[in-house]
Structures are given as C-alpha cells and as structure tokens.
Amino acid sequence: MRYNDRELSWLDFNERVLQLAEDTEIPLLERTRFVAIFSSNLDEFYMVRVATLKEKIATGITVRNSAGLTPILQMKKITERTKSLTDRLSKLFLNNISPALSEIGIEIIRWDQTSEHEKEHVNQIFKSLIFPVLTPLAVDPSRPFPYISGLSLNLAVIVRNPKKKEESFARVKIPTNLPRFISTTNNSDTRYIPLEQVIAANLPELFPGMQIIDQFTFRLTRNADLELEEDDVENLISSMEQELQRRKFGPPVRLEVEKGIDVESLDTLIEELDINREEVISVENLIDFTSLHYFADFEIPEARYPKFKSTSHPLLGDPDEDNPEKIFAAMRGQEIMLHHPYQSFTGSVVNFIEKAAQDPQVLAIKQTLYRTSGDSPIIQALIEAAESGKQVLAVIELRARFDEMANVRWARKLEDAGVHVVYGLLGFKTHAKLSLVIREEANGIRSYSHVGTGNYNPKTARLYDDLGILSADPLLGRDLTILFNQLSGYAPDASYQRLLVAPKTLRSSLIQMIKDEIKVANDGLPAEIRFKLNSLVDEEFCDYLYLASQAGVKVKLWIRGISAIKPGVIGFSENIEVRSILGRFLEHSRIFNFKGNGENIYFIGSADLMERNLDRRVESLVKIENEDHKGELDRQFTQAFSNEIQRWELIAGDRWQRFDRDEEEKKLIDYQENEIQRWRGL
C-alpha cells in the first residue's frame with residue numbers, strides 16, 4: 001500500500017510520547033508529565049477518531065481505506081495496539097515511575113499500605129469533606145442503571161443485604177471537584193492516596209446495614225465529536241451551546257476497568273453501557289493517569305527541566321514601556337521574525353495588540369481567535385480597544401475542539417463590550433493566525449500585521465514551538481485586509497500577493513511548487529523540498545512527493561505527529577526522509593521550503609497537509625521575504641536533520657526508530673535544549 005494508516009500512525013506518535021516517559025535520563029517529574037500527556041492524548045483519540053470509526057462500522061461501511069484496511073480490521077488493530085500500550089504504561093508507572101517518585105518524597109500508596117494514624121487522618125477528611133458530596137446510586141427494579149458521563153471515574157460496588165441474602169449493584173461517582181490524591185498526614189506532603197481508594201475504604205458509610213462484597217474502579221469514554229449542521233443553523237452560537245450539551249450523552253467508545261474485576265460485574269457494565277467486550281481495556285494500578293499533572297507541577301528543581309525564561313526580541317525593546325510608538329517604529333524599520341517559546345510571546349505579540357489597544361492613533365484592530373487562555377490579555381486588550389471607540393473585529397472559531405465552551409463565553413463577553421464578533425465562513429473552520437492593526441499616521445493610514453503558526457494563547461506559547469512575523473509591509477497589510485473582509489463579509493474574488501489561503505489557493509499553489517521542483521530535477525539541476533509539519537495525511541500531496549522523489553528531488557519531512565507517507569522504499573520513495581522531534585516543547589510550527597536550482601522559497605503559517613486544513617478550513621501561509629529570516633529557517637532545518645540530534649526516523653516506510661545515542665553510545669544532542677542555549681547566547 002502507498003500510505004500508512006492515519007490512526008495507526010497516530011498511535012505511533014503517542015508511543016513516541018511514551019518512550020519519553022520511559023527515558024530515565026529525562027528528569028523524573030517531566031517523565032511523569034509525559035505519562036499524563038500520553039493518557040490525555042489517548043482519551044482525545046478515542047473521543048474523536050475511534051468514535052468516528054465506530055460510527056462507520058455501525059453504518060455497515062466495509063470499503064478498505066487507502067492503507068488497505070476495512071473499518072473492522074482498522075478497529076481490531078487499534079484495539080490490540082491500545083491494549084499493548086496501556087499495559088506498557090501501567091507497568092512503567094508501577095515498576096519505575098512510582099518507586100522513583102517515592103525516592104524524591106512523592107509516595108503514592110494503596111489503602112492497605114497506610115498506617116493506623118494515616119487511616120484515622122484520611123477517614124476524618126472523608127467524613128468532613130468527601131462524604132457530603134458523594135451520591136451512591138443503587139440499581140434495582142425501581143432504580144435504573146445511572147447515566148455514566150464520559151471520562152468520569154467511578155466505583156462499581158457489589159453489596160449484599162444480610163437479611164435477604166441478595167446481592168445488588170451500585171455506582172459511586174468519584175467527584176471531579178475534589179483533589180484526586182489525598183495527603184495522608186497533616187505534617188508532611190510526602191504520602192498520597194488516590195481519592196477512589198479513600199472512598200472504597202469507607203463504603204460502609206455510604207451503604208449502612210449492607211455488606212460490601214466487592215468494588216472496582218471503571219471509567220467510560222464517550223463520543224465527543226460535535227456534529228453541527230451549519231446549513232440549517234440560524235444562530236451558530238446558540239446551536240453550539242445546544243450541541244455541547246448533547247456531547248455529554250455521546251455513545252460509549254471505550255470502557256477502562258480495574259484489572260481483576262469479577263466476570264459478573266464486568267458483564268453488568270458491558271450490558272448496561274451497551275459496549276462491546278472488545279472495547280474493554282483492563283488497567284493495572286491507576287485508571288486515568290492524566291491526574292499525574294498534579295505531581296508534575298511540583299517545584300522539585302532536581303526532578304524538573306532547568307528553569308527557562310524566554311528572551312525579548314532585541315528589536316522590540318522593553319514591553320513595559322508605555323510608549324506605543326516604539327513597537328510600531330520597530331516594525332516600520334524592518335520585518336521581525338519571532339521564534340517562540342525561545343523569544344517571548346507576551347513581550348512581542350501580546351505587547352503588539354495591547355499597545356494597539358492603548359494607542360489613540362489606532363483606528364481598528366482585526367483578530368482571529370482559535371484557542372486562547374482563560375485569562376487572556378489579548379481578549380482584555382480587544383475589549384479595551386472597543387470601549388475606547390476603536391473598530392474591533394474578532395473572528396472567533398467556536399468549533400475549536402474541546403475549547404468550544406470557552407470560545408462561546410469569550411464571544412459573549414466581546415459582544416457585550418461592543419466588539420464585532422463573527423464566526424468566519426459558513427462550513428469552514430477559521431484556523432488562520434492573523435492580527436491586523438490600522439493606524440493613522442502623519443503620512444496617512446498604515447497597516448501593521450502579525451501572521452503566525454500558533455494560537456493567540458500566552459500560556460501554550462510558553463510550551464509550543466511556533467513562528468511568526470510582525471510586519472508593516474503594505475502588501476501584507478492589504479492581504480490581511482482582504483482576508484478579514486472575506487471572513488466578515490463577502491469577497492469571493494479575493495486575491496493575495498504574499499499569502500496563500502485555504503481553501504482557495506493554498507493547495508494548488510503548494511502543488512505547483514512541488515511540480516516546479518520536479519521540473520528542475522528533470523532538467524538535471526539540484527532540487528530539494530523541506531517541510532516541517534504537525535501531520536502529513538493528504539494523499540494528493542503524498543503522491544506528488546512520491547513523484548518528486550522518483551524525479552530525484554531530495555525531500556526532507558520534519559513531522560511531529562502523523563505521517564501517511566512511506567519514505568525509503570527503493571524505486572519509489574528512496575529520496576524521502578521523515579524525522580520526528582519530541583521533547584520539552586511541542587513542535588507546532590509549519591514551514592514550507594523549496595530550494596530548486598538555487599531558489600530558496602519559504603512560507604510559514606497555520607496549515608498542515610491534511611484534507612481538513614486544505615479544503616475545509618480557512619488557513620494562511622505567508623511568504624518569507626527577508627534573507628536573514630530565510631537563513632534562520634535554513635539553520636533550523638539543518639540542525640533538525642543533523643545526525644548529531646536526538647530524533648525518530650521513519651524506517652522502511654512504516655516503522656519509527658529512535659536515535660538518541662551515536663555508535664559509541666554517546667548521548668546525542670537534544671534539539672530543543674540546544675535551541676535554548678543558542679537563544680540565551682544571542
């Protein structure tokens with residue numbers, strides 16, 4: 001087959017995350033965080049991707065996909081792989097992570113490991129804090145099986161009436177508004193017991209007069225993918241609010257149960273939850289490792305990555321200065337490339353929008369928002385600008401998955417402040433990362449622009465590797481003006497000079513540039529294509545890259561996540577190389593580079609090579625014009641494809657292999673740590 005299966009390739013990516021958790025040379029609390037990230041990744045994978053696959057099976061679809069798998073066979077492989085990875089994760093935590101945490105003063109214990117003094121202390125917490133919020137739900141002919149919400153942790157309890165000698169089933173939901181881990185003493189925060197074990201030990205308090213026969217922990221995952229029929233929706237925001245309520249009641253797609261659960265209890269859960277036995281995953285030790293983020297945030301310096309602070313861009317100066325003119329003057333002086341998190345997002349992008357909101361010469365601010373933080377200074381700046389009389393447009397993507405409710409709240413708040421809030425083009429998510437400021441100056445109206453690869457979220461900007469440019473280029477300002485007009489009004493014949501925009505020009509333009517590289521190679525001249533992406537799934541692009549390889553074009557793909565393309569196949573794709581780099585920061589920037597016959601064409605932006613990005617989203621790529629900026633992007637690619645760098649390579653088409661040591665077993669260079677040191681030294 002020509003392509004790797006998308007879902008199995010995603011599981012390959014999550015296995016790479018697990019390998020970081022297994023790496024004993026990474027600081028312990030960071031390994032603990034990778035355990036939590038692996039688990040939350042898998043939750044989302046089941047809520048969306050597996051849920052969609054299950055719907056295909058339910059509707060009777062039997063057609064093989066481009067990787068040669070029917071939905072049933074695809075589900076079988078996913079289930080086998082997930083069970084294997086989950087078992088590997090449980091063993092890692094039980095045999096390695098948990099004992100190592102104990103050595104640094106974080107001991108996660110079971111109830112049977114507590115002392116009498118600890119039991120007394122924890123039981124008091126149960127009586128005063130936990131017991132009042134619990135609601136035991138019995139199941140009998142007059143009380144139906146309770147609704148189990150998605151990702152909630154639950155206790156299945158088997159009780160017996162000593163008088164009637166009858167056994168019954170009950171469910172106790174573990175409260176999500178209480179700490180998952182309870183400290184066992186007042187004197188020291190070193191020993192912790194999971195909340196569900198505290199509740200399990202005190203079940204007689206919940207069922208007085210009944211005998212507790214057995215209890216087991218379980219967790220259900222439901223389909224959480226929204227189905228919003230926009231063509232029939234008059235008010236998108238109201239429809240979104242209704243759909244978010246329906247999400248809570250999606251069909252079940254996975255049942256995690258504590259290993260050792262008795263057959264009868266498991267059968268009850270399977271029947272009542274209407275789930276297939278193949279969708280049951282037995283878990284040893286803890287269920288839901290996402291809660292380990294709590295410990296990963298502990299301030300234990302020797303168990304954490306060294307402290308890191310972003311640097312200020314040398315051209316932007318001090319963001320705390322009150323003078324707005326300074327940042328606009330810097331942008332007029334030259335176009336500025338930003339590289340986050342090494343360079344401060346707050347000191348550059350946030351400062352740009354805040355200063356624009358404060359500047360009396362600014363007439364209008366136009367902004368896209370896909371995801372942002374709960375206390376976003378950007379939102380506050382837009383509100384301040386609107387309240388001061390500026391024209392403010394916010395293009396908010398309500399359908400940013402799992403951020404929908406937050407975006408609905410922001411939309412309401414912005415509208416209340418007088419911001420013009422729109423939701424983009426009907427049928428298309430707006431994923432482009434754009435900001436436009438219109439300023440009145442002595443020589444007339446001038447546009448100032450920001451185009452980036454990442455969300456306008458100051459919190460994730462500290463953790464995501466992203467690029468952006470701040471520019472006073474009038475051509476770029478014109479492009480953004482046209483694009484914002486298209487998003488808020490009607491502009492079907494819009495054309496652009498520095499931007500490639502999906503769904504109109506991005507796909508066709510990139511494919512034409514690949515064709516140009518093929519022509520250069522066919523003419524016997526050196527040709528090279530280099531992409532940095534989150535995911536490469538689109539089959540048309542895979543096919544053109546295969547053709548490029550066969551023509552002799554060197555193709556280097558730096559992909560964090562999914563790769564449908566199969567590199568290194570003799571006679572077919574031997575000129576294609578695929579690498580992945582994972583680590584402290586999430587590699588999120590997208591870069592497109594074409595180097596045929598001495599040309600060095602660069603674009604950066606928001607789009608991955610996936611059908612949804614290219615055909616069903618508003619995305620943008622901006623052409624990089626500054627030669628110094630091209631040189632910086634060249635440096636990043638050269639570094640990433642050096643054999644001295646730790647990385648994963650996609651071998652023989654479909655097998656990822658990690659390279660973290662050289663032939664002499666010397667540790668290879670950590671790409672991101674090397675970047676930290678470089679930016680500190682500049």
key: Check on Phe603, of a type in the set (Phe, Trp, Tyr) and in contact with an Asp or Glu (Cβ under 8 Å, 6 or more places away or on another chain)   = no
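One line per residue, one yes/no per condition, for (1) under 21 Å from Glu25 (Cβ atoms); (2) surrounded by 13 or more Cβ atoms within 10 Å (Cβ to Cβ):
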position: Leu73; (1), (2): no, yes
position: Asn96; (1), (2): yes, yes
position: Glu118; (1), (2): no, yes
position: Val133; (1), (2): no, no
position: Ala138; (1), (2): no, yes
inquiry  = I'd like to know if the stretch 536-545 contains one or more residues that are crowded, with 18+ Cβ neighbours inside 10 Å and among the charged types (D, E, K, R).
reply    = yes
message = Go through the stretch 518-545 and report how many residues are more than 22 Å from Asp465 (Cα to Cα) and either in a loop (DSSP other than H, G, I, E, B) or touching a Pro at 6+ places or on another chain (Cβ under 6 Å) (or both).
response = 6
inquiry  = Can you tell me how many residues within the stretch 33-88 are outside any helix (DSSP H, G or I) and of a type in the set (A, V, I, L, M, F, W, C)?
reply    = 4
task = Could you figure out which of (1) among the small types (Gly, Ala, Ser); (2) touching a residue at least 24 places away in the same chain (Cβ under 8 Å); (3) more than 25 Å from Val392 (Cα to Cα); (4) out of contact with any Leu (no Cβ under 8 Å at 6 or more places or on another chain) isn't true of Ser508?
result = (2)
request  = Assess whether Thr460 counts as being of a type in the set (S, T, N, Q) and surrounded by fewer than 23 Cβ atoms within 10 Å (Cβ to Cβ).
outcome  = yes
query = Which ones in the stretch 546-565 are aliphatic (A, V, I, L, M), assigned to a loop (DSSP other than H, G, I, E, B) and either surrounded by fewer than 23 Cβ atoms within 10 Å (Cβ to Cβ) or in contact (Cβ under 8 Å) with a residue 60 or more places away in the chain (or both)?
reply = Ile562, Ala564
ask   = If we scan the stretch 64-76, do we find a residue that is touching a Gly at 6+ places or on another chain (Cβ under 8 Å) and either assigned by TED's automatic domain parsing to the domain that holds Phe659 or at pLDDT below 95 (or both)?
value = no
task = Would you check if there is a residue in the stretch 338-356 being within 30 Å of Leu483 (Cα to Cα), in a loop (DSSP other than H, G, I, E, B) and among the hydroxyl-bearing types (Ser, Thr, Tyr)?
result = yes
remark   = Out of (1) modelled with pLDDT of 90 or more; (2) closer than 25 Å to Gln636 by Cα, the one Gly317 does not meet is (1)
note = All conditions in (1) closer than 22 Å to Arg612 by Cα; (2) modelled with pLDDT under 95 are true of Phe531 except (2)
Search result, residues across the stretch 406-428 that are touching a helix residue (DSSP H, G or I) at 6+ places or on another chain (Cβ under 8 Å), of a type in the set (Gly, Ala, Ser) and either over 21 Å from Arg617 (Cα atoms) or not in a loop (DSSP other than H, G, I, E, B) (or both) = Ala411, Ala417, Gly418
inquiry  = With the requirement that a residue be farther than 19 Å from Pro503 by Cβ and touching a residue at least 40 places away in the same chain (Cβ under 8 Å), what does the stretch 605-627 give you?
reply    = Ile624, Glu625, Asn626
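This table checks each residue for (1) without any contact (Cβ under 8 Å) to a residue 40 or more places away in the chain; (2) in contact with an Asp or Glu (Cβ under 6 Å, 6 or more places away or on another chain); (3) of a type in the set (Phe, Trp, Tyr); (4) over 23 Å from Asn575 (Cβ atoms).
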residue: Gln639; (1), (2), (3), (4): yes, no, no, no
residue: Phe659; (1), (2), (3), (4): yes, no, yes, no
residue: Glu664; (1), (2), (3), (4): yes, no, no, yes
residue: Tyr671; (1), (2), (3), (4): no, no, yes, yes
residue: Glu675; (1), (2), (3), (4): no, no, no, yes
Residue, surrounded by the most Cβ atoms within 10 Å (Cβ to Cβ), within the stretch 634-682, restricted to residues that are part of a loop (DSSP other than H, G, I, E, B) and of a type in the set (A, V, I, L, M) = Leu668
message = Can you confirm whether Gly605 is surrounded by fewer than 22 Cβ atoms within 10 Å (Cβ to Cβ) and small (Gly, Ala, Ser)?
response = no
request  = Could you tell me whether the stretch 474-496 includes any residue that is in contact (Cβ under 8 Å) with a residue 24 or more places away in the chain, of a type in the set (D, E, K, R) and either closer than 27 Å to Gln639 by Cα or assigned to a strand (DSSP E or B) (or both)?
outcome  = no
ask   = Looking only at the stretch 566-595, which residues are assigned to a loop (DSSP other than H, G, I, E, B) and among the small types (Gly, Ala, Ser)?
value = Gly568, Gly571, Ser573, Gly583, Ser589
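The values are calculated or read from the model by the stated rules, or taken from the named source; none is laboratory data. Computed from a predicted structure; not experimentally measured. Please note: Cβ atoms are built from the backbone with ideal geometry, for glycine as well, and neighbour counts cover all protein chains shown.
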